[in-house]
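Undergrad: Sharing a structure, written as structure tokens. Questions coming.
The values are calculated or read from the model by the stated rules, or taken from the named source; none is laboratory data. For clarity, every value in this text was computed on a predicted model and none was experimentally measured. Using ideal geometry, Cβ is built from the backbone for each residue, glycine included, and neighbour counts are taken over all protein chains shown.
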Amino acid sequence: MSENIPTMPVLVDGPPAAQSPLLPHLDSPTRVRRETLKQILRSKTFVLGVIVTVFWVVCAIFGEWIAPYHPIDESFGTFSYESPSWDHPLGLDRNGRDVLSRIIVGARSVIAVAPAAMLLGVGAGSMLGLVMGYFGHWVDNVVGRFLDAVLAIPLIVLAIFVLTALSAGNEGISVSSWQLIVVIGIAFTPPVARTVRSAVLAERDLDYVQAARLRGERSPYIMFAEILPNVTGPIIVEATVRLGYAVFTVATLAFLGYGPQPPSPDWGLQIAEQYADISLAWWAVVFPALAIATLVVAINLIADSVQQVLDE
Amino acid sequence: MSAAPALEPEVAAPALALRDLELVYRVRGRDREVVRGITLTVEQGSSYGLVGESGCGKSTVALSIVRYLPRNGRVVNGTLEVAGRDVLALKGEALRLYRRDGVSMVYQNPGAALNPTLRVARQVEEVFALRKASRSEARERAMAALREVHIADPDSVLRRYPHQLSGGMQQRVVIAMALATDPSLLILDEPTTGLDATVEAEVIDLIAELQERHRTAVLFISHNLGLIRKACRNVGVLYAGELVEEGQTEQILHDPRHPYTVGLLRCIPRGGLRKDRGKLDTIPGFLPPIGADLPGCVFVHRCALAEEICHTQKPVDHQLGGGHQSRCHFHERAQSLPRDTASIPVEKPAHERGETPLLDIDNLAKTFSQDGRDIKALAGVSAMLWPGETLGLVGESGSGKTTFARTLLGIVESSSGSVQIDGRSLPAKLTDRSASDVAALQIVFQNPDSALNRRHSVRRMLKRTLAKLADVTGREADTRADTLVDQVRLPERALSARPTALSGGQKQRVAIARAFAGEPRLVICDEPTSALDVSVQAAILNLLVDLQESKETSYVFISHDLGVVRYLSDRIAVLYLGRLMELGPAETVFEPPHHPYTEALLSAVPTIDGAQRTRIELEGEIPSAADPPSGCVFHTRCPRFLGTICETDEPPLAEVEPGHLMRCHIPIEELRASQTSGEVPVRG
């Protein structure tokens, strides 16, 4: 096959001086990426968020090795509250267990559930949003109304309702991590789907989608190979924000009893067990609450920085 | 006597004075220079045009004058005075009052400049309410302001929401608001981009007229030299944040003294230039990035006249008399700039038209239904297209150009009529077409940013297209992708780049490569250069001509730039309300006699050489396709309206000369006589 290439002066490249870089008018993508990374690392809020989050993740994984005592060891004194001291910097709880050790080990139950729930919610939400945005018309309407129905029920009410139903027949309430993940994940699906749907709507009308049709591409290819990579920005932002919510939701449900059962050192459970005694022994409630707060705030700091960078 | 000058310093102060203005944008943590020391003066009551390609700092200058720089932008040096007032020193209330009274700005997109949720009345009256006018007074002044911009029925316009107005009408409203306060300076930032040529001409005439009447100083920012010529007495040419040449508009157009200006003027297809008479000249290379280190002349990397000194030493502004100045070491021989492309006529083998045309389009029609009403976007178009031929498609927006293109492609399914390709019938729906038919008809879109998936590398796009349309995969696809990239004259390294790393022109080359991947028979070019700078446009047009020659591809070329259409087209079709008004060889359509509609379109185009044509005014706007006028659909606006026959009978599309079809009741000889007489028709 002989291609007929006319021997013409090359139009794109200028005189030798302008020839060297491929794109003299723009910075190279690797440089842009490096500079963006540098900028994000220079942001104090991002670094702080990462440090705090990493700290809790390390606690969740290596809790028993880091913690000074065993989290359910009651053999330190009076089997009751004791205010912070040198031996127990955060005090002892109502059963005389070391609060610091319980907080460190207690990170695990939240961190095992929240990210998985977020991933499920963001994954399912992205798929639904993609389908709704791409097909539009009746698909959008039917799925949209269904999601509206889920959204109409407040998150916690929905979770309690489902989790109670699931543990019917058992003695008391017993909730497995899997059940928590699925319930929170489903509850997170509608808002994610809406965000992704609106991002897809903006993409769907761009000419590259039409260009794909004009070479005979089918819908699944257009959705997943053409459109999806262009809506990752909103999905990433949604994921970080949802992660913060997920931590909070897991802690709230544990506080309400839908989570780990005593003597687990779960944060929400610790607060639930002892908040009535807050005037007597503030440390047993405030420190677990601070643990929840720092993790949620840290994740939100990361979310903010990510959003800012993606917006630019 | 000695104290007198100090008494009235403000009267003598120019409307706008920039001195050594330097601006930076902070991008990813570094200050990057955008405006590199601009000194310019706009005297009171005069008009000044600022031209340059995108990215050279035009809009940044405008934003700094109204103190609306983006958050990462900052003036680092120089002064900026409007009517003698130091704008950079203004703060708080003083800044608000300055924006209220001192300066007005008209933006590119009037749709975005008006609040979509408020009626026009509320927004125009607000301008006066800000000056403590009572409600009834504000309403009265709003009416007067709209009348001033020739809005015939201000009452009904005031009662509407912006989206109920056409683009041209929106821009009139914005201009009325901008002028309502008699500002010292009016800034127009590409005020007619996105408007039809006919509407654009009206808006430019309006601006010129108002400027004359109000004696308002105008800073007109545009990339279109023809427009600047119509609207401005003086012009400054901006390049990479420096004013490289400045002077009276006619001087600059006829005696340019900077190689950049020379190159810019050569890129424009004009004077009836056609593809068979030679290539367009181009400016090689790229605009340097913002913040680039430019110790010498800013244009040095793209200048064929550059010598050693240009790299090392910044040229001074050479005064050439009459206010004409050029920032070039070799200004006296700027016009000897060698061409970047050979000017030899393109040798085109005479087309012997075969027996069967490539496309035989018969009575193609498309009716959309919207809110229970039928909108005839395409009302029966018949045409033939031969291999290797370009059919230019012109008409205002709403004339059916895009619907025609989409119907051919099968993205939109035609309601009636048929299309034959090589004598075979072509299914109306894209999904019903065979793979080879899909590959045969391809498109190059208007906006390359939107046409390319920004997450895919060029290689991936081309290989996927090759796999789908040419059934070529693996090693062979790689070779073919290399060839394609080479044919559109992109460096091989472009293959691994993503669109975000490419310039506008390079993106359009990728889009062209993709369209050509499946060896198409026909490529529809939907305004492929309207989003590009003129220097890039020239290179893209040259490329399209080359590809057509080597591959015998046919084009349907849609554009509202008639100079471009004329350059590229063999035949031209003029559409109005979904109907063919005229169809004929390019030269015939562009020279009288032509259809009165074509005549009006042509008269609206601003030229950069020769005398300005007198514009034939078209009354009102293009009627709705849901309710087209009776008889000849153009009769409501026709400047050569004959009488009752035009209102009752639709003229047939008749062959008035060999190969020249026209839909008009006026006999051809009569048209010829009146159109060559030089008299401008005015509707009685």
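Undergrad: Which of the following residues is surrounded by fewer than 24 Cβ atoms within 10 Å (Cβ to Cβ) and either small (G, A, S) or touching a Cys at 6+ places or on another chain (Cβ under 8 Å) (or both): B:G291, B:G241, B:G236?
TA: Every option except B:G291 fails the conditions.
Undergrad: Any residue at all in region A:232-251 that's part of a helix (DSSP H, G or I), under 22 Å from A:S198 (Cβ atoms) and of a type in the set (D, E, K, R)?
TA: The answer is yes, given that some residue of region A:232-251 is part of a helix (DSSP H, G or I), under 22 Å from A:S198 (Cβ atoms) and of a type in the set (D, E, K, R).
Undergrad: Looking only at residues in region B:294-320 that are of a type in the set (D, E, K, R) and within 30 Å of B:R28 (Cβ to Cβ), which one is surrounded by the most Cβ atoms within 10 Å (Cβ to Cβ)?
TA: Within region B:294-320, the match that is surrounded by the most Cβ atoms within 10 Å (Cβ to Cβ) is B:R302.
Undergrad: Can you pull out the residues in region B:80-119 that are in a helix (DSSP H, G or I), in contact (Cβ under 8 Å) with a residue 60 or more places away in the chain and under 29 Å from the mean Cα position of the chain (by Cα)?
TA: B:P110, B:A113
Undergrad: Right, another one. Looking at (1) more than 10 Å from chain A (Cβ to nearest Cβ); (2) of a type in the set (D, E, K, R); (3) closer than 13 Å to B:V444 by Cβ, find the lone condition where B:D478 falls short.
TA: Only one criterion is unmet by B:D478, namely (3).
Undergrad: Still on this structure: Filter region B:370-406 down to residues that are over 25 Å from B:L601 (Cα atoms) and not small (G, A, S) and give me whichever is surrounded by the fewest Cβ atoms within 10 Å (Cβ to Cβ).
TA: Selected residue: B:D371.
Undergrad: Can you tell me which residue within region B:495-507, out of those that are touching a His at 6+ places or on another chain (Cβ under 9 Å) and facing chain A (nearest Cβ under 7 Å), is surrounded by the most Cβ atoms within 10 Å (Cβ to Cβ)?
TA: B:S503
Undergrad: If you scan region B:30-79, which residues turn out to be assigned to a loop (DSSP other than H, G, I, E, B) and acidic (D, E)?
TA: Those that are assigned to a loop (DSSP other than H, G, I, E, B) and acidic (D, E): B:E43, B:E53.
Undergrad: I'm trying to understand the selection: among the residues of region B:388-409, which are assigned to a loop (DSSP other than H, G, I, E, B) and either among the basic types (K, R) or modelled with pLDDT of 90 or more (or both)?
TA: If the condition is that a residue be assigned to a loop (DSSP other than H, G, I, E, B) and either among the basic types (K, R) or modelled with pLDDT of 90 or more (or both), then B:E389 is the only one that fits.
Undergrad: Do we find that B:C303 is in contact (Cβ under 8 Å) with a residue 24 or more places away in the chain and within 14 Å of chain A (Cβ to nearest Cβ) in this structure?
TA: When the stated conditions are applied, B:C303 passes them.
Yes/no per residue for (1) in contact with a Leu (Cβ under 9 Å, 6 or more places away or on another chain); (2) closer than 30 Å to B:P528 by Cα:
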{"position": "A:Y221", "(1), (2)": "no, yes"}
{"position": "A:G244", "(1), (2)": "yes, no"}
{"position": "A:P260", "(1), (2)": "yes, no"}
{"position": "A:Q270", "(1), (2)": "no, no"}
{"position": "A:I278", "(1), (2)": "no, no"}
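Undergrad: Checking the conditions here, which among B:L265, B:L243 is within 20 Å of the chain's Cα centre (by Cα) and either part of a helix (DSSP H, G or I) or closer than 26 Å to B:N77 by Cα (or both)?
TA: Answer to the check: B:L265.
One line per residue, one yes/no per condition, for (1) in a loop (DSSP other than H, G, I, E, B); (2) under 27 Å from the mean Cα position of the chain (by Cα); (3) within 12 Å of chain A (Cβ to nearest Cβ); (4) under 21 Å from B:K58 (Cα atoms):
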{"site": "B:P269", "(1), (2), (3), (4)": "yes, yes, no, no"}
{"site": "B:L273", "(1), (2), (3), (4)": "yes, yes, no, no"}
{"site": "B:D276", "(1), (2), (3), (4)": "no, yes, no, no"}
{"site": "B:I283", "(1), (2), (3), (4)": "yes, yes, yes, yes"}
{"site": "B:F286", "(1), (2), (3), (4)": "yes, yes, yes, yes"}
{"site": "B:H329", "(1), (2), (3), (4)": "yes, no, no, no"}
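Undergrad: Is it the case that region B:531-551 has a residue that's in contact with a strand residue (DSSP E or B) (Cβ under 8 Å, 6 or more places away or on another chain) and among the hydroxyl-bearing types (S, T, Y)?
TA: Taking every residue of region B:531-551 in turn, none turns out to be in contact with a strand residue (DSSP E or B) (Cβ under 8 Å, 6 or more places away or on another chain) and among the hydroxyl-bearing types (S, T, Y).
Undergrad: Determine, yes or no, whether A:G259 is part of a helix (DSSP H, G or I), within 20 Å of the chain's Cα centre (by Cα) and not acidic (D, E).
TA: Taking the combined requirement at face value, the residue does not satisfy it.
Undergrad: Let me ask something additional. Can you tell me which of B:V523, B:V488, B:V510 is crowded, with 23+ Cβ neighbours inside 10 Å, of a type outside the set (G, A, S) and at the interface with another protein chain (Cβ under 9 Å from one of its Cβ atoms)?
TA: B:V488
Undergrad: Would a scan of region B:459-475 turn up a residue that is surrounded by fewer than 19 Cβ atoms within 10 Å (Cβ to Cβ), facing another protein chain (nearest Cβ under 10 Å) and either of a type in the set (K, R) or within 20 Å of B:L544 (Cα to Cα) (or both)?
TA: yes
Undergrad: Here's a follow-up. Residues being at pLDDT 85 or above and either more than 18 Å from B:G380 (Cβ to Cβ) or touching a Gly at 6+ places or on another chain (Cβ under 6 Å) (or both): count how many of those fall in region B:605-634.
TA: The total comes to 0.
Undergrad: Are there any helices (runs of 4 or more DSSP H) wholly within region B:135-234 with 1 or more residues that are of a type in the set (A, V, I, L, M, F, W, C) and under 21 Å from the mean Cα position of the chain (by Cα), and if so which?
TA: Output list reads B:167-179, B:197-214, B:225-231.
Undergrad: Here's something else I'd like to know. Test each condition in (1) part of a loop (DSSP other than H, G, I, E, B); (2) crowded, with 20+ Cβ neighbours inside 10 Å; (3) touching a residue at least 40 places away in the same chain (Cβ under 8 Å) for A:S109 and report the one that comes out false.
TA: Only one criterion is unmet by A:S109, namely (1).
Undergrad: Since B:L426 meets every condition but one in (1) surrounded by 19 or more Cβ atoms within 10 Å (Cβ to Cβ); (2) over 30 Å from B:T598 (Cβ atoms); (3) not hydroxyl-bearing (S, T, Y), which condition does it not meet?
TA: Going through (1) surrounded by 19 or more Cβ atoms within 10 Å (Cβ to Cβ); (2) over 30 Å from B:T598 (Cβ atoms); (3) not hydroxyl-bearing (S, T, Y) one by one, B:L426 breaks only (2).
Undergrad: Criterion first (over 18 Å from A:E217 (Cα atoms), more than 8 Å from chain A (Cβ to nearest Cβ) and of a type in the set (S, T, N, Q)) does B:S425 satisfy it?
TA: It is true that B:S425 is over 18 Å from A:E217 (Cα atoms), more than 8 Å from chain A (Cβ to nearest Cβ) and of a type in the set (S, T, N, Q).
Undergrad: From the list B:E591, B:E549, which one is surrounded by fewer than 23 Cβ atoms within 10 Å (Cβ to Cβ), of a type in the set (D, E, K, R) and in contact (Cβ under 8 Å) with a residue 40 or more places away in the chain?
TA: B:E549
Undergrad: What about A:G244, is it out of contact with any Ser or Thr (no Cβ under 8 Å at 6 or more places or on another chain), away from every other protein chain (no Cβ under 14 Å) and on the phi > 0 side of the Ramachandran plot?
TA: No, not satisfied.
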